[in-house]
Structures are given as C-alpha cells and as structure tokens.
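**Q** So that we are looking at the same thing, I have put the structure below in structure tokens.
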Amino acid sequence: MEFGNMTELDAIFLQNNHLERQLPGTISHLVKLQYLDLSTNQLVGHISPEFGNSSLHHVDIANNNFSGLFPSSICVGGALSVVSAGYNGFTGIYRQTFQNCTTLQEVDFTANNIVAELSDCFSEHPGQLITMAFRQNQLHGTLLTDRGEEFLCNSTDLVLLDLSDNALHGGLSKCFWELQSLEFMDLSSNSFSGVFPSSMTCGDDLRYLLLGNNKFTGTFPLGLKKCKNLTTLDLGGNKFSGTIPSWVSMSLPELNFLRLSSNMFDGIIPHEILQFRQLQVLDLSKNKLTGPIPDDFRNFTGMAQEQQNTDFTDYDKYSYQVEIHIVWKNVDHVYNLKIVAVVGIDLSGNSLTLEIPNGLTTLGGVRYLNLSGNHLSGCIPADIGNMVLLEALDLSRNQLSGKIPQSLAALKSISVLNFSSNSLSGRIPTGDQLRTLTNRSIYSNNPGLCGFPLEDCINSSTPAQIEKSLDEDREALWLYCFVAAGFIFGFWLYWGIFLFRSETWRCAFYQYVDNMQGKVTKKVYSCISRFWAGGSE
C-alpha cells in the first residue's frame, strides 16, 4: 500500500480484505484524512510514532497483527473521536497519547497485551468519553489512586466501561455508582475485593453489571435494590455469603440473566425468585443452598417457550461486542450477549433436597438443566419429555430412584445426558436421539439399570414382549391339557381290555380312575385360575 501522493484523500475504507505487511509511514502525509478503516486484515508490525494528523476523526485498525506501542501523535490535532484498535498485539500506550483528545468518545483496545495502569493511559480529564474498553489486557494496579479516582469521577458521560480480564485489584470507588450515564460495566475476571456499601446508588440507565470472578465479600449487595433497570447481573465466582434476598425479583424485574454461582450463599432458594418474568438464564450453582427447589414456575414466562433470536444488547451503535460466561453442556463458554435462545437453569453443586418439582417440566423453552451434585430424592418427573428443547440434562450425583421416564425418548435435541451415581432402576428408554448417546458412564453407578448402552435386561421386558409371552403361555397350557386328557383316555382304554373281564377288578379300576380324574381336573382348574389371575394384573 502506498498513499503518500494522495494528499487530497479524506477517507480510506479497506476493511475485510487480505492486506498484509506493515502500514506505510507515508500515510501520515495525508493531512486531510478524516476516516481510516483498515480493520480485519493481516497488517503487522509497529505503527510509526508520527501516525496521525490534525483532521483525523475516526480510526479503526482492529483485528490485525499490529504490535509495539500505540502511536503517540494520533491525536495531534485534537479532533479524534473514535479509536478502535482491539484484537492486535499492542503492548502499551504513551501517557501523552490521549491527553489532548478533548473530543474523544470511543476507545477500544480489547484483546491486546497492554501492560500499564489505567490512569497512565489517560489524562485526569477524559472529556466526552462514552466508551472505554480494555478487556483482555494486562492492566494492573488499583483504581483507587488519586489519578484513577479523578479520572473516573470526571467520566460523567461514560456509557460503557469494560475492564474485564486484567490484573486490577483493590476496592471500587464510590464514583462507579454515581455515573448516571453508565449503562454497561464489566469488571469481571480481575482481583477486585471489598464489601459493597449499603449506601451505594445506581444510575437509572445501568442495565449490565458484570462483577464475576473477583474477590468481593459480604452479603448480597443491598444497593442493587436501586438498580431497577438491570437486565444482566453477574456476581458469580466471588466470596459473597449469607442468603439470597427475597426482594431480588421484585426490585430487579427486568433481569434476564442472573449468575450467582461459585459463592458461599446459604439457606433456601427463596420462593420469590420464581417471580422473574423475563429471566432466561439462572445460575445458582456451587453454593451452600439447602432445602427444596421451589415448585411454582408459572411466572417464568421467559423460559416457558422457545426464544426467537433473543437480543440482550443494542451495543452495535457503539461498535462493541459484549460477552458473558455461561456453563453450557458442562463447559464454561464465553458468549456474546447478542445470543440466540441460550435458556437454562443450573442449580448444581448445592445441598438441595426432596424431589425434583414437576413444575420444572412446564418450562418448554429451557435448553439446559443441571441439578447434579445435590441430595435430591424420589423419581424423575414423568413429564420430563415436555421440555422438548432440552439439549443438556444432568441429574447425576443425587439420590434419585425409580425408573427413567419413557417420555425422555421423545427429546429430539438431547446431546448431553448424565444420570450417573443415583439409585435408578429398570430399562433405559430407547429413542432415536437417545441411541446416539453411547457412553456407558452417563448411566454408571445405578445398579438396577439395564438396556442400551448397558447390558441387556434379563428380568424386565417391554409391554409388547410381555403380551407375546402371555400368548405363548396360553397356547402351552392348552397343549398340556389335551396331552393329559389323551393320556388318561389311552391309559383307561389299554387297561380296560384286561380288567373288564373281572367284575371285582372292574369296580376297583373305575373307582381309581374316578379318583385320579378328580385330582387332575382340580389341578388343571387351579392352574388355569392362577394363570388368568396373573395375566389380568
């Protein structure tokens, strides 16, 4: 690429090509250039420190292989508004790079290798900054330094803040909760710690709060009671304790994603949690919850039927991809929040007791259900097959008994199944999709189970096999009756020739035959009565 002589260019759009090699230094000669989009190519190497001009407004160089320090003169004219440099290999940002960018609104350095403190990347006065994304870098230090707090407190226009997957630590400034324009905040996968003050406030616009995989402590944050417009809440992977408050569903009625997994919450699952009408993902796994699973799921309308192209976000307007963690088919996946129909419940790894509630089977839109590692007892609900979209079902490591419901064979999408380590018995149902699950371990440690993919059943038969066996027994019984009658008649005829000559022998013989016939008749009638009595049960 060579642009040095095209001095009148004001826009370059070469995204989604196969451009290679380094960005030529002569691009800095384009003094009228305002828009530069080289995203999603294969450009490599360092960018010249002189890159930039006084007219540059929009720069998108994301999804390349650039490396080294981000150029320091990109904002020389102070007109820069958007910088998208995610998914490269930049290792740092000069402190002075953005100091004069008073018009800067969007900054995205997602998935680079930037090693720095956040306060070193910006001045204390962020100007009109709306979007700041540094996910998956190596930012370190605390946000509670004087410069850090001043920067955050002055970011009054900030709408999206993503500092996830870094090495930040310490507590959170109260300024976080006073940013009235903030809609999205992701601080997950760092080492933040501390207790949330009960006096924390929450802007009316905050809808996405992702604080998972940190070291926060204390009880469920009472201040969240004020976040009435939250749609996504992730507190998983921390050290929260105490009970799950009953006010959650009433105070956060718009929630469609709730993750509280891998904490130390105890007590029962509050019945009020079933009042969520929008909820599509509920993850309470790996806590210390006890008691039964609530049964009344009538208000779980977000899980009652198939979701069509569910769109959790509208952040396309900020050119940013929002991500969340979901354990799907026993694997921790990172999903874009613009996800389609990932609907499920995970209550595994607790100490829940009693039976699996029948109400769960009314949630026809659920695609994964994990109740493993509890103390659940009783039978698997007979209507489990009503959950027609189920792709993953894990009921392992409980105390379930009885037979596996035949309705399970109707599930057409099931691809992950685990019933191991229970006390289930009887024949495993067969179905087209179940026949594809050949791993014997999914039924292991259930001594009473038999059938594919385990050993064939010996003492149990299908209804058709039982009826066929009864027909064969009836035919055999009539055959035995005719044989017995024929034997008696033949015996009498043979001996009669010799015995009828003597009146004494003839009378004795008649008496003997009558006695034998009576005994045989009683035996046959008794056999027939027992047979028909057994067949009608």
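**Q** Note down the relative contact order for the stretch 165-243 as a percent, whole number, built from C-alpha pairs under 8 angstrom at least six residues apart. Each step should come with its number before you reach the end.
**A** On the way: 174 pairs, mean separation 23.3, N = 79.
That works out to 29 percent.
**Q** In nm, give the distance between the simple-model label positions of SER48 and LYS215, each being 7 Å from the Cα along the Cα-to-Cβ direction.
**A** 4.6
**Q** Under the rule a/c < 1.5 gives rounded, and otherwise a/b versus b/c splits prolate from oblate, where does the stretch 1-143 land using the Cα gyration tensor? Provide the component values of the computation, followed by the final result.
**A** On the way: a/c = 1.90, a/b = 1.31, b/c = 1.45.
It is oblate, given that a/c is not under 1.5 and a/b is not larger than b/c.
**Q** Given a Förster radius of 35 Å and the C-beta distance between HIS57 and ASN229 as r, what FRET efficiency does 1/(1 + (r/R0)^6) yield to the nearest 0.05?
**A** Numbers: r = 32 Å, r/R0 = 0.93.
That gives a FRET efficiency of 0.60.
**Q** Related question: Once phi is turned into θ = phi - 60°, what whole-Hz ³J(HN,Hα) does the Karplus curve with 6.51, -1.76 and 1.60 give for every residue of the stretch 292-297, x standing for Gly and Pro?
**A** The phi angles translate into x, 7, x, 9, 8, 9 Hz.
**Q** Each residue of the stretch 444-454 in order: what ³J(HN,Hα) in whole Hz does its phi give by Karplus 6.51 cos²θ - 1.76 cosθ + 1.60, θ = phi - 60°, with x for Gly and Pro?
**A** Once θ is set to phi - 60°, the couplings for the stretch 444-454 become 5, 6, 10, x, x, 7, 8, x, 3, x, 8 Hz.
**Q** Here is a further query. Find the centroid of the Cα atoms in the stretch 247-295 and in the stretch 126-167, then give the distance between the two in whole Å.
**A** Going from one Cα centre to the other spans 30 Å.
**Q** Pulled fully out, how much extra length does the chain show between SER441 and GLN278, if you take 0.36 nm times their separation in residues and subtract their Cα-Cα distance? The partial results should precede the final answer.
**A** Working: separation 163, 0.36 × 163 = 58.68 nm, distance 3.61 nm.
Once the chain is fully extended between SER441 and GLN278, it gains 55.1 nm.
**Q** What number, in percent, do you get for the relative contact order of the stretch 114-278 if the mean sequence gap of Cα pairs under 8 Å and at least 6 apart is divided by its residue count? Walk me through the intermediate numbers first.
**A** Values: 417 pairs, mean separation 24.4, N = 165.
Averaging sequence separation for qualifying contacts and normalising by length gives 15 percent for the stretch 114-278.
**Q** Using a simple spin-label model with points 7 Å from Cα along the Cα→Cβ vector, what separation in nm is obtained for VAL31 and VAL115?
**A** 3.9
**Q** Could you give each residue of the stretch 247-256 its phi-based ³J(HN,Hα) in whole Hz, using Karplus coefficients 6.51, -1.76, 1.60 with θ = phi - 60°, and x for Gly or Pro?
**A** 7, 4, 5, 6, 7, 10, x, 8, 4, 10
**Q** Once you list every other residue whose beta carbon is under 14 Å from the beta carbon of CYS379, what net charge do they have if Lys and Arg are +1 and Asp and Glu are -1?
**A** Numbers: positive: LYS403; negative: GLU355, ASP383.
Here the charged neighbours net out to -1.
**Q** If you don't mind, another one. Would you mind counting up the charge near LEU449? Only other residues with Cβ under 11 Å from its Cβ, with Lys and Arg at +1 and Asp and Glu at -1.
**A** Value of the local net charge: +2.
**Q** Give me the net charge for the shell around ASN88: Cβ to Cβ below 12 angstrom, other residues only, Lys and Arg +1, Asp and Glu -1. It would help to have the intermediate numbers written out before the result.
**A** Details: positive: none; negative: ASP60, ASP108.
That works out to -2.
**Q** Beyond 23 Å between alpha-carbons counts as too far, so tell me which of LYS174/LYS239; LYS226/LYS288; LYS288/LYS403; LYS174/LYS286; LYS174/LYS288; LYS174/LYS215 fall in that bin.
**A** Numbers: LYS174/LYS239 20 Å; LYS226/LYS288 26 Å; LYS288/LYS403 29 Å; LYS174/LYS286 30 Å; LYS174/LYS288 30 Å; LYS174/LYS215 18 Å.
Beyond 23 Å between Cα atoms: LYS226/LYS288; LYS288/LYS403; LYS174/LYS286; LYS174/LYS288.
**Q** Can you list the residues, at least 5 places off or on another chain, whose amide H is less than 5 Å from the amide H of GLN22, using H built in the peptide plane?
**A** VAL44
**Q** If R₀ is 56 angstrom, what is the calculated FRET efficiency for the pair ASP204 and ILE458, using the beta carbon separation as r and rounding to 0.05?
**A** After rounding, the FRET efficiency stands at 0.25.
**Q** What order, most packed first, do the peptides 416-422, 265-271 have when packing is the mean number of other Cβ atoms within 10 Å of each residue? Working shown, then result.
**A** Numbers: 416-422: 20.7, 265-271: 16.7.
Ranked from most to least packed, the peptides come out as 416-422, 265-271.
**Q** Non-local amide H neighbours of LEU279 (under 5 Å, H modeled in plane, Pro and chain starts lacking H): which ones?
**A** Here the answer is GLY302, since their amide H atoms fall under 5 Å of that of LEU279.
**Q** Moving to a separate point now. Express in nm, to one decimal, how much length is gained between ASN299 and GLN399 on full extension, taking 0.36 nm for each residue of separation and deducting their alpha carbon distance.
**A** Values: separation 100, 0.36 × 100 = 36.00 nm, distance 2.86 nm.
Answer, rounded to one decimal: 33.1 nm.
**Q** What nm distance separates the two modelled labels at GLU254 and ASP432, each placed 7 Å from Cα along Cα→Cβ?
**A** 4.3
Just so you know, all these numbers are worked out from the coordinates, no wet-lab data involved. On a predicted model such as this, the values are computed, not experimentally measured, just so you know. With ideal geometry, Cβ positions are generated from the backbone for all residues, glycine too; neighbour counts draw on all protein chains shown.
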